[in-house]
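Taking it in order: structure first as structure tokens, then the write-up.
No value in this document is a laboratory result; all are computed from the given coordinates. Since the structure is predicted, the reported quantities are computational estimates derived from the model, not experimental observations. For neighbour counting, all protein chains shown are included, and Cβ atoms are generated from backbone atoms with ideal geometry for every residue, glycine included.
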């Protein structure tokens with residue numbers, strides 16, 4: 001009858017149907033044979049296979065990260081720029097402007113400032129760099145009058161090689177591997193700049209949405225605390241980026257004013273720009289800029305060289321103990337040893353970009369250690 005329960009197959013019937021009676025499970029025949037025993041997870045083979053598979057996966061991920069390392073650097077730089085512009089956007093938001101309009105205004109001002117800089121300053125810098133290049137052989141001749149330099153030149157032929165290299169009209173092309181190399185470098189730099197600008201725009205316009213989505217990955221019981229710590233880290237990064245720009249601007253403007261009063265006033269704009277750019281690099285940037293300017297000043301006029309050395313020694317003390325602490329007091333509160341170590345590690349990993357990003361990253365790590373790890377230890 002159709003309503004009667006099905007009975008297990010008898011041994012003869014099962015054999016006739018090609019099913020092993022011993023393979024029946026819960027009274028039902030197993031058409032594909034007897035189930036085997038579960039795999040022994042304590043087996044050395046299991047540990048070796050799973051461990052090897054995990055190692056291969058980790059190696060593959062590591063190679064993938066190395067392959068996209070340049071892209072990741074662009075993403076990180078764009079995020080830091082967005083964090084640096086975010087305080088200005090939030091300032092406008094507090095004035096009851098919607099975020100899209102605030103982002104548009106900030107980006108318009110930033111692009112306008114960049115455009116004015118390119119139009120007004122770049123031609124001057126180009127002319128002055130050309131003048132420096134033309135006068136460099138004469139400065140090398142001045143250095144040759146020094147006895148110690150003469151001894152070094154006779155032994156290693158340093159001055160003559162440097163003079164021949166500078167006087168060669170194609171030395172800039174040779175620096176980048178020929179005309180084709182210069183073109184490829186310029187195209188690559190413009191493409192990277194475009195990518196950074198686009199990513200910065202996306203990060204800046206959707207910063208709250210992006211961070212909110214990341215905060216939701218934390219457990220609900222800890223989400224509020226994670227959000228507050230994350231917002232504090234982003235605020236510190238923004239403060240550091242803005243502060244570094246202000247410190248570099250102070251260094252460039254003060255150098256421009258001072259150099260305009262020396263014998264190398266015709267190169268004041270170009271050299272002040274070099275000082276401002278190098279001043280962004282932690283630890284060695286300001287010193288490197290001072291050395292370059294002082295060397296050019298000594299080659300032009302000894303008194304101007306001495307004046308440059310004195311000026312930059314005094315200015316660096318003012319910057320280290322007055323300007324930098326006041327500008328960075330609300331964003332980066334790190335011991336001096338931590339700043340040095342972080343900058344060295346960052347430079348070793350990613351070069352100049354790593355040195356620039358190392359200090360806010362170190363500040364974020366220190367904040368997390370202080371607010372999470374230390375407080376967890378205090379509860380035990």
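Structure values in brief
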{"read-out": "Highest-first arrangement of 216-228, 103-115, where packing means the average Cβ count within 10 Å", "value": "103-115, 216-228"}
{"read-out": "Protection proxy ranking, peptides 58-65, 318-325, 79-86, average beta carbon neighbours within 10 Å, highest first", "value": "79-86, 318-325, 58-65"}
{"read-out": "Centroid-to-centroid separation of region 343-367 and region 238-273 [C-alpha atoms, Å]", "value": "24"}
